[in-house]
């Protein structure tokens, strides 16, 4: 139930913020005649007082209607978001999968032999990954694997191989903090009583380390998934524009440039709702991994 007032506050703030910015959705490089602009404003109700527009917007929002698109006549914001969100969700899934599959094993391996080469190499790579943002890593991947080696396409989202470079550009940045969190958590749980008990029972080192130890060490990683999801979403804006991916992030960037009020409000609300749902999923995963939380 807390989601509804949060989304209401976000919708209100974004609604007034975009309208206080100079310019409007019909201000283009090629200036429209004033009569044409007035007709467009009257057609979309933008000539009415701001309070009337706000009340009408909330009424439509209560019915699930995000309004029409000013940039794509004949399309609604709901239709555009539904079409583009599938692509962004797929990109976010592959990016998160890369981050988890690279970060967790790297951190677990680094904690096996602290202060050895097994520790220094993954830790150094993780530090390097934290320092390189997506807008730097993306062009490097394009330069090496698309332009120099010719293994992948530099742009597009048509073939299965087109997912690899964007997923790497998005996921490797978040694999670095996941690796550091996994390493720190594994070092903490190594000396816990239940780990010594497992050793005394004669369990194999692999079972002790990767089953009993890693399960509890992943609690901090799962907690980080919530903020990481927010980073993946904001990072997808850059990645989608860089690789020319027809996703929701690219649509949001274009709507900001075009001052398209309804599209900006709709995409912000969609991302906010998605993040709230992701946080709920993280809480459920924490309960499944930690029986003490479930008992409480």
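The values are calculated or read from the model by the stated rules, or taken from the named source; none is laboratory data. Computed from a predicted structure; not experimentally measured. So basically every Cβ, Gly included, is an ideal-geometry build from the backbone, and we count neighbours across all protein chains shown.
Quick look at the values:
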quantity: Residue 89, sole failed condition from (1) in contact with a helix residue (DSSP H, G or I) (Cβ under 6 Å, 6 or more places away or on another chain); (2) surrounded by fewer than 21 Cβ atoms within 10 Å (Cβ to Cβ); (3) closer than 30 Å to residue 4 by Cα; (4) assigned by TED's automatic domain parsing to the domain that holds residue 242; calculated: (1)
quantity: Index of the failed condition, residue 9 passing every other in (1) under 20 Å from residue 277 (Cβ atoms); (2) touching a residue at least 12 places away in the same chain (Cβ under 8 Å); calculated: (2)
quantity: Matching residues, the stretch 96-136, being closer than 17 Å to residue 243 by Cα and at pLDDT 85 or above; calculated: none
quantity: Lone qualifier among 154, 82 - being touching a helix residue (DSSP H, G or I) at 6+ places or on another chain (Cβ under 6 Å) and either over 30 Å from residue 262 (Cα atoms) or exposed (fewer than 13 other Cβ atoms within 10 Å of the Cβ) (or both); calculated: 154
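Results for (1) part of a helix (DSSP H, G or I); (2) touching a residue at least 24 places away in the same chain (Cβ under 8 Å), shown as yes or no for each residue.
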position: 120; (1), (2): yes, no
position: 124; (1), (2): yes, no
position: 139; (1), (2): yes, yes
position: 144; (1), (2): yes, no
position: 150; (1), (2): no, no
position: 153; (1), (2): no, no
position: 158; (1), (2): no, no
position: 167; (1), (2): yes, yes
